[in-house]
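Reading through the structure tokens given below for one structure.
The values are calculated or read from the model by the stated rules, or taken from the named source; none is laboratory data. Keep in mind that what you see is a predicted model, and the values were worked out from it rather than measured. Ideal geometry is used to build each Cβ from the backbone, glycine not excepted, and the neighbour counts take in all protein chains shown. The protein model used for the area step is the full one, side chains on, heavy atoms only, and it has no ligands, DNA or RNA in it. Shrake-Rupley method; radii C 1.70, N 1.55, O 1.52, S 1.80 Å.
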Amino acid sequence: MDCSRVLSRSGVVFGGHLAYEEGRITEDSAFLKAHRFEDLRASASLGLHAEGDWTIGPVPLNALLRYRRDIESNNGAQADLRMTAGILDWHGLRAGWFAQLSWGDAKSTQRYFGISAQQSVSTGLAPYNAGAGMRSLQTGLVGDVDLARHWIALWGLSLQQGQGDASDSPIVQQHTTWSANAGVAYRF
């Protein structure tokens with residue numbers, strides 16, 4: 001959720017945001033449940049972002065760099081770099097291809113992917129220290145469709161691949177995942 005946005009002279013938009021940080025529910029994973037991991041509570045983060053738009057010939061491009069720090073300091077910080085290229089704008093149907101790199105500091109990566117000495121005792125898995133670095137590479141398609149004057153349908157399809165210490169964690173059972181999403185929005 002953007003809280004504020006400021007347009008600079010260079011055309012880059014700077015802003016601050018408040019974001020929902022997903023937790024982890026042990027019941028959602030047979031592996032985590034079998035190893036008696038505890039849930040990770042959801043949280044919120046505060047951050048900054050810079051975003052710019054330009055074109056190369058007829059192709060619109062967007063770049064987004066964002067940084068966010070969890071409001072609970074022990075949960076750490078994350079950063080993302082995302083590039084999107086428009087590939088279709090036809091009769092109210094728009095689509096773009098995107099690629100995103102995500103990084104986490106040591107606290108954030110350890111929270112989601114590490115196994116502390118205490119967790120090792122309760123789970124039966126060896127301790128694992130997940131350090132700072134790239135966590136994932138994601139690519140896919142995003143778009144929207146005009147439904148009515150103010151209503152649009154949003155859609156997306158993406159492939160995400162774990163990277164670095166996050167991918168090497170004994171907790172990770174799948175290194176590559178697909179996801180799809182859809183929604184409806186009202187445009188003011």
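Before moving on, here are some points about what is shown:
- A single member of L159, L147, L101 is under 14 Å from the mean Cα position of the chain (by Cα) and farther than 26 Å from N75 by Cβ, and it is L159.
- When N62 is tested against (1) assigned to a strand (DSSP E or B); (2) farther than 21 Å from A77 by Cβ; (3) open to solvent by less than 60 Å² (accessible area, probe 1.4 Å); (4) at pLDDT below 95, only condition (4) is not met.
- Selection of region 118-141 for residues being open to solvent by less than 50 Å² (accessible area, probe 1.4 Å), of a type outside the set (S, T, N, Q) and closer than 24 Å to L65 by Cβ yields A130, G131, G133, R135, G140.
- Taking every residue in region 102-126 that is among the charged types (D, E, K, R) and pairing it with any residue that is open to solvent by 50 Å² or more (accessible area, probe 1.4 Å), at least 6 positions away or on another chain, the pairs with Cβ-Cβ distances below 7 Å are D105/A132; K107/N74.
- Checked against the criteria, I115 counts as open to solvent by less than 30 Å² (accessible area, probe 1.4 Å), under 26 Å from A79 (Cβ atoms) and out of contact with any Gly (no Cβ under 9 Å at 6 or more places or on another chain).
- Scanning region 156-188 for residues that are farther than 18 Å from D28 by Cβ, of a type in the set (A, V, I, L, M, F, W, C) and open to solvent by 60 Å² or more (accessible area, probe 1.4 Å) gives L157, A182, V184, F188.
- The set of residues in region 90-102 being open to solvent by 70 Å² or more (accessible area, probe 1.4 Å) and over 10 Å from V145 (Cα atoms) consists of W97 alone.
- Qualifying residue in region 72-79 (condition: at pLDDT 95 or above, in contact with a Pro (Cβ under 7 Å, 6 or more places away or on another chain), part of a strand (DSSP E or B) and open to solvent by less than 50 Å² (accessible area, probe 1.4 Å)): no
- Scanning region 16-39 for residues that are under 21 Å from A117 (Cβ atoms), without any contact (Cβ under 8 Å) to a residue 60 or more places away in the chain and surrounded by 14 or more Cβ atoms within 10 Å (Cβ to Cβ) yields a single hit, T26.
- Among the candidates E38, E51, the residue that is on the phi < 0 side of the Ramachandran plot and part of a loop (DSSP other than H, G, I, E, B) is uniquely E38.
- Residue in region 40-57 that is modelled with pLDDT of 95 or more, touching a His at 6+ places or on another chain (Cβ under 9 Å) and open to solvent by 70 Å² or more (accessible area, probe 1.4 Å) present: yes
- Scoring D144 on the criteria (1) in a strand (DSSP E or B); (2) within 23 Å of S45 (Cβ to Cβ); (3) of a type in the set (D, E) leaves a single failure, condition (2).
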